[in-house]
C-alpha cells in the first residue's frame, strides 16, 4: 500500500504507474482530481489498483488527515512518497507572506506531518519505506530561488535525521535529489514581477541536462524495491559531479553562480555595470 503525493503529473505520476506494476496498491494524492482520474485509469487498465485522494498540501490540516484516511480505508501503509512541490522565482522582497507560507507548507511542513503520521503506523505494521523527493538545487545557492532551496533543504535534513531515527523500526528513509526534470513543475513556477520581465531562468545547460520524469521514476522504484537500500539517490553523472563539487569546492561553485547572477542583473538594468 503506497501513498504518492503530487501524483497528477511528472515524477509522481510515473512513480505511481511503476509502483502499481510492481504490485503496490497506489493512493494518488493531489489537488487536481481530473488529472488523478486519468492516472488511476492508466493503472487500472493495466490491471493495477489505484484510489484517488484530493488534498491540498498548502493546507496542513489536509495533510494531517491524509494518512489516517488512507489507513482507515485500506487497512495498512507500506510506502509514503513525498513528491509534491511548489516553487516561486524572483527577488525575495517581491514574494508575499502568503507565498512564503505556501512554499514551506507544501515542501517541508506537510511532508513532515505526513511522515509523522505514517511512521506511527509503520512501526505498528513492522516497517515500511518513506521517500522524500528534494532537489539538486539545495546544493547550489540559486538567487531568486532562495525559498524553494531553503524548504527543500529542510526536507533533506529531515530525511537524513529520520533515516537514523527510524532504522531500528525497519523503516527506510530514502532521499531523492533530481536535477532539471522536464515536468509541469518548471512550467508552473510562480514568477514575481521582476522575474516575469526577465523570464524563468532554469539554469539548464549541457552540464546540467534535462532528464525525463520516467527516467527518474525508474531509478527511484528500483531502490524502493531493494530492501537493503536506505540512502540517497542522485541521477546522472553530471548531477553527481555537481553535488560533489558543491560539497567539496562550494566556494568555487558559489563564485560562478554569483558572477552569472550579477551579469543577469546588469543585463536587466537592475544594477549598474561596474566600470
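The values are calculated or read from the model by the stated rules, or taken from the named source; none is laboratory data. Everything numeric in this text was worked out from a predicted model, so none of it was measured. Ideal geometry is used to build each Cβ from the backbone, glycine not excepted, and the neighbour counts take in all protein chains shown.
Tally up the residues in segment 1-23 that are surrounded by fewer than 24 Cβ atoms within 10 Å (Cβ to Cβ) and part of a loop (DSSP other than H, G, I, E, B), please.
4
If I ask for residues that are more than 20 Å from the chain's Cα centre (by Cα), assigned to a helix (DSSP H, G or I) and either loosely packed, with under 13 Cβ neighbours inside 10 Å or free of Cβ contacts under 8 Å to residues at least 60 places away in the same chain (or both), which ones from segment 238-254 would you list?
241, 244, 245, 247, 248, 250, 251, 252
Among residues belonging to segment 90-109 that are touching a residue at least 60 places away in the same chain (Cβ under 8 Å) and in a helix (DSSP H, G or I), point out the one that is farthest from residue 175 (Cα to Cα).
94
Looking for whichever is in a helix (DSSP H, G or I), crowded, with 21+ Cβ neighbours inside 10 Å and at pLDDT 95 or above here; the options are 36, 77. Which one fits?
36
Please go through segment 42-74 and pick out each residue that is under 19 Å from the mean Cα position of the chain (by Cα) and part of a helix (DSSP H, G or I).
Of everything in segment 42-74, those that are under 19 Å from the mean Cα position of the chain (by Cα) and part of a helix (DSSP H, G or I) turn out to be 60, 62, 63, 64, 66, 67.
Filter segment 185-222 down to residues that are assigned to a helix (DSSP H, G or I), at pLDDT below 85 and surrounded by 15 or more Cβ atoms within 10 Å (Cβ to Cβ) and give me whichever is farthest from the chain's Cα centre (by Cα).
Per the criteria, the residue is 198.
Kindly indicate whether any position in segment 223-234 is part of a loop (DSSP other than H, G, I, E, B), out of contact with any strand residue (DSSP E or B) (no Cβ under 8 Å at 6 or more places or on another chain) and either modelled with pLDDT under 80 or over 22 Å from residue 160 (Cβ atoms) (or both).
The answer is yes; a qualifying residue exists.
Hey, among the residues in segment 124-158 that are farther than 30 Å from residue 93 by Cβ and out of contact with any helix residue (DSSP H, G or I) (no Cβ under 8 Å at 6 or more places or on another chain), which one's surrounded by the most Cβ atoms within 10 Å (Cβ to Cβ)?
125
Can you tell me which residue in segment 255-275 is modelled with the lowest pLDDT, limited to those that are touching a helix residue (DSSP H, G or I) at 6+ places or on another chain (Cβ under 9 Å) and in a loop (DSSP other than H, G, I, E, B)?
Looking at residues that are touching a helix residue (DSSP H, G or I) at 6+ places or on another chain (Cβ under 9 Å) and in a loop (DSSP other than H, G, I, E, B), I get 274.
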